[in-house]
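All of the numbers you see were taken from the coordinates with simple rules; none came from a lab. Being a predicted model, the structure only gives us computed values, none of them experimental. Ideal geometry is used to build each Cβ from the backbone, glycine not excepted, and the neighbour counts take in all protein chains shown.
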Amino acid sequence: MQPRLRRLLPCASPKAYSGLTNRVHTFRVRAVDRAGNVDPAPSARTWTVDTTLPAIASPSPAPSSATQDRTPTVRATVRDTQTDLAKTGVQLYVDGIRRTTFSYDRATDRLSYTPATNLSYARHTAKVVARDAAGNTTTKSWSFGVTR
């Protein structure tokens, strides 16, 4: 997103802002000395305000469901509207154990993990944690059963 160009206005230093919206913002400053000489190349600082939590949806196997598949593929859609999540910002736990061999497709926002070994015939818990570049974190947990 290109920053909007606006007229430079006098301000004191330091300058604080509040109530900024979720988007890219740019602050430009141009120095003027006591003689009125104007800096021909203003300095700029650009930053992103991001208070939006990542979203985790469409968990699979469905919450509270049961399957006879002992290696069910655990899936979820994990997305962030402000930043492009990377796999490093997504964590998956199955039965409390962190799994690092899952795939995460940034183009489709899909997480996918298939256990390498059979799960026991029991209830199992999946948990996805998503943390975006601004540090906003969302967690979603659900359980499913593996039955005979």
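When you filter the trypsin sites (Lys or Arg not before Pro) in the range 1-79 for DSSP loop state and at most 12 other Cβ atoms inside 10 Å of their Cβ, you are left with ARG4, ARG6, ARG7, LYS15, ARG23, ARG30, ARG34. Only aspartates and glutamates eight or more places from LYS127 in sequence, or on another chain, were considered; those with a Cα closer than 12 Å are ASP95. Checking every one of the chymotrypsin sites (Phe, Trp or Tyr not before Pro) in the range 64-148 against DSSP loop status and a limit of 13 other Cβ atoms within 10 Å picks out TYR121. Residue order for ASP39, ASP80, fewest other beta carbons within 10 angstrom first, comes to ASP39, ASP80. Taken over the alpha carbons of the chain as equal point scatterers, the Debye sum produces base-10 log I(q)/I(0) values at 0.15, 0.19 Å⁻¹ of -0.80, -1.08.
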